[in-house]
1. Are there any pairs with C-beta distances below 6 angstrom linking a residue in segment 243-263 that is part of a loop (DSSP other than H, G, I, E, B) to a residue that is away from the ligand (no atom under 11 Å from the Cβ) and among the small types (Gly, Ala, Ser), with the two at least 6 apart or on different chains, and if so which?
2. Are any residues in segment 183-200 within 33 Å of the chain's Cα centre (by Cα) and free of Cβ contacts under 8 Å to residues at least 60 places away in the same chain, and if so, which ones?
3. Is it the case that residue 329 is within 16 Å of the ligand (Cβ to nearest atom), in contact (Cβ under 8 Å) with a residue 12 or more places away in the chain, buried (at least 22 other Cβ atoms within 10 Å of the Cβ) and charged (D, E, K, R)?
4. Counting only residues that are in contact with a strand residue (DSSP E or B) (Cβ under 8 Å, 6 or more places away or on another chain) and either aliphatic (A, V, I, L, M) or within 14 Å of the ligand (Cβ to nearest atom) (or both), how many does segment 233-250 have?
5. For residue 287, only one of the following conditions fails: (1) in contact (Cβ under 8 Å) with a residue 60 or more places away in the chain; (2) buried (at least 21 other Cβ atoms within 10 Å of the Cβ); (3) closer than 23 Å to residue 76 by Cα. What is its number?
6. Among the residues of segment 98-111, is there at least one that is touching a residue at least 24 places away in the same chain (Cβ under 8 Å), out of contact with any Pro (no Cβ under 6 Å at 6 or more places or on another chain) and more than 30 Å from residue 202 (Cβ to Cβ)?
7. For residue 296, indicate whether it is aliphatic (A, V, I, L, M), more than 16 Å from the ligand (Cβ to nearest atom) and under 24 Å from residue 9 (Cα atoms).
8. Does any residue of segment 261-280 turn out to be more than 9 Å from the chain's Cα centre (by Cα), within 19 Å of residue 432 (Cα to Cα) and either more than 16 Å from the ligand (Cβ to nearest atom) or among the β-branched types (Val, Ile, Thr) (or both)?
Amino acid sequence: MTVPFDGIALGCDYNPEQWPREVWPYDVELMRGAGVGFVTLGVFSWALLEPSPGRFDFDWFDEVLAVLHTGGIAVDMATATASPPPWLTTAHPEILPVDARGATLWPGGRQAWCPSSPVFRDHALRLVAEMARRYGDHPAVRLWHVSNELGCHNGRCYCDVSAAAFRVWLTDRYGSAEKLNDAWGTAFWSQHYGGFDEVLPPRLGTATPNPTQELDFARFCSDELLSHYRAERDVLRAHSAVPVTTNLMVTAHQSEQDNHRWGRELDVVAQDHYLDHRLADPHAEQSFASDLTRGVARGAPWLLMESAPSAVNWQPVNRAKRPGELLLDSLSYVARGADAVGFFQWRASRAGAEKFHSALVPHAGPDSAAYREVVGLGAALARIGEVAGSRVRADVAVLFDWECWWACDQPSHPSGELRYLDAPTRWHRAITGLGATADVVAPGTELRGYRLVVVPTLYLCSDATAAALAEYVRGGGHVLVTYFSGLVDESDHIRLGGYPGAFRELLGVRSEEFAPLLPGETVTLDDGSSADLWTESLAAPDAEVLARYVDGPLPGTPALTRRAVGAGAAWYVATRLDDAALSRLADRLTREAGVTRPEEPVVGVELVRRGRYLFVLNRGDAPAAVPAHGTELLSGGQVDGTVTVAAGAAAVIREGT
Ligand code: GLA
């Protein structure tokens with residue numbers, strides 16, 4: 001898996017159909033000046049490439065490609081199937097997606113198609129074949145880009161076609177209605193199925209839906225979109241040797257795809273990421289998403305396909321980047337494994353739903369402060385080109401699982417306040433805040449190389465994952481498990497005999513009952529920590545108790561335990577610690593496990609080691625001094641002992657001589 005562009009490439013979506021022909025050569029000239037190395041072409045071009053059924057118009061597209069190629073700009077070629085043209089939805093309204101209430105989602109926006117529709121797929125694959133035959137060996141085309149953000153708007157469709165496809169998927173998974181009845185626990189609430197023909201998607205109903213039906217439907221929806229990806233990819237491969245990808249959305253908002261499964265199917269993992277200023281700490285989410293994308297790529301370099309040069313246009317208030325932030329934000333992706341930094345889009349649109357979304361060339365034109373930042377970014381990426389291909393080394397793994405997310409966030413659980421993303425993102429933030437590097441990986445990942453593994457709210461967990469963690473600890477590893485972990489198997493069935501089911505033995509603890517806290521309620525631990533959300537009636541028959549509650553529903557009960565196993569240890573934290581206490585515990589764990597990190601954290605500074613390169617991103621208000629030796633690539637200067645990075649600035653140091 002390598003990113004097929006040169007160095008650390010700067011790139012963007014290019015939508016030339018929104019502009020007159022005369023602008024195209026000028027665009028390419030500007031791109032060259034800014035150091036743009038690749039563009040994504042054709043994402044929403046279907047309606048113009050196939051203006052009526054079976055009539056293709058590639059002339060204008062050939063011209064764009066020729067201009068780009070002459071300018072030396074590489075192309076990430078979209079298959080153009082993301083959004084069906086109006087003639088298709090007019091002729092075949094049955095391809096439109098339907099929501100859980102049975103309402104049709106009409107055209108007029110984008111991506112109005114049902115992932116299970118054979119009619120849509122036939123039309124899409126016909127276009128893909130045309131594209132592949134025409135451009136499959138074009139010298140500018142270095143990468144294929146299937147559809148666009150698959151599942152972004154149409155991830156779950158509940159129509160009758162989807163229902164039939166769901167039944168086929170269930171038949172493959174279970175083989176017989178009896179097995180499905182067992183897995184779905186249909187003895188409860190008179191849900192027993194006499195045959196697959198009685199099964200429906202979990203459409204809006206009267207009461208809490210069957211949780212395993214919901215979970216299987218989420219799995220099915222991810223698989224349906226993946227099958228669409230595979231179908232397009234296979235057509236491309238039949239005509240072209242160019243690698244294939246699609247832009248995933250590995251973020252804290254989108255949970256329609258099991259990206260760990262998807263990652264294995266892409267020739268190179270590509271990710272779209274937009275800072276979310278609705279969050280308390282948007283950059284913490286950025287770092288988490290990047291480290292998780294690297295996990296999806298199984299450690300290989302990945303491609304940031306899209307991000308925003310400044311503001312987006314879909315948040316309640318769309319914050320513009322301040323001077324210098326474009327460089328820092330972009331370098332953060334590179335530090336965490338991106339070999340290219342792409343943006344939506346080249347030129348800010350004059351019309352349409354995204355006209356207020358920032359672009360590399362703003363409405364003001366190239367004579368603007370924003371564009372000068374883009375040119376500065378291009379120059380900076382050119383200076384750090386040698387970083388491409390190097391790998392991030394992390395001593396810490398945080399386990400993250402989409403199936404667990406789908407199961408964990410269902411209704412009718414002990415606390416509706418407990419959301420899956422909370423613990424993984426907070427633990428990641430605490431560990432990286434200490435200056436340590438963390439991978440965010442799938443539960444099945446080989447763990448031997450890590451010094452510390454964090455298992456945050458792994459509510460759903462297979463026997464194999466539990467066994468692998470036990471084996472890892474026996475081999476001298478350190479594991480921290482949080483509350484609400486190991487409770488159910490892959491069918492979302494409770495593991496009986498006491499909580500936390502799968503991890504009871506490893507942790508040497510057992511709970512008989514959960515005692516979640518009401519919103520606003522807090523508890524104090526006898527080590528001075530404060531916590532909220534969760535407590536449980538924990539006993540520690542085979543573990544050392546490190547802290548107990550002094551108040552709340554369970555005074556005197558263990559809240560933090562540690563079971564020593566040879567040179568390794570298994571820790572359990574049974575409550576949600578506040579930020580300060582979480583950071584203290586992360587500090588203690590990383591020291592005990594021998595995790596590489598600075599002796600004292602440098603507050604406000606993002607510190608990441610990628611291969612032999614040390615990235616120092618100073619988001620704080622004061623200059624930061626960090627120990628380092630080597631060459632600073634952005635300035636070309638030598639660093640001998642300490643690098644001092646001004647507030648809002650960055651350094652990338654090739655360590656050693
Ligand atoms: C996504 C899409 C783009 C554009 C951007 C900005 O990344 O792929 O087409 O809509 O968001 O909102």
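No lab work stands behind these numbers, since they all come straight from the coordinates. This structure is a prediction, so every number in the text was calculated from the model and none was measured. Using ideal geometry, Cβ is built from the backbone for each residue, glycine included, and neighbour counts are taken over all protein chains shown.
1. 250/289; 251/289; 256/151; 256/155; 257/151; 257/222; 258/222
2. Result: 199, 200.
3. Here the answer is yes, as residue 329 does meet what is asked.
4. Qualifying residue count for the region: 9.
5. For residue 287, the failing item is (3).
6. No, every residue in segment 98-111 fails to be touching a residue at least 24 places away in the same chain (Cβ under 8 Å), out of contact with any Pro (no Cβ under 6 Å at 6 or more places or on another chain) and more than 30 Å from residue 202 (Cβ to Cβ).
7. Yes.
8. yes
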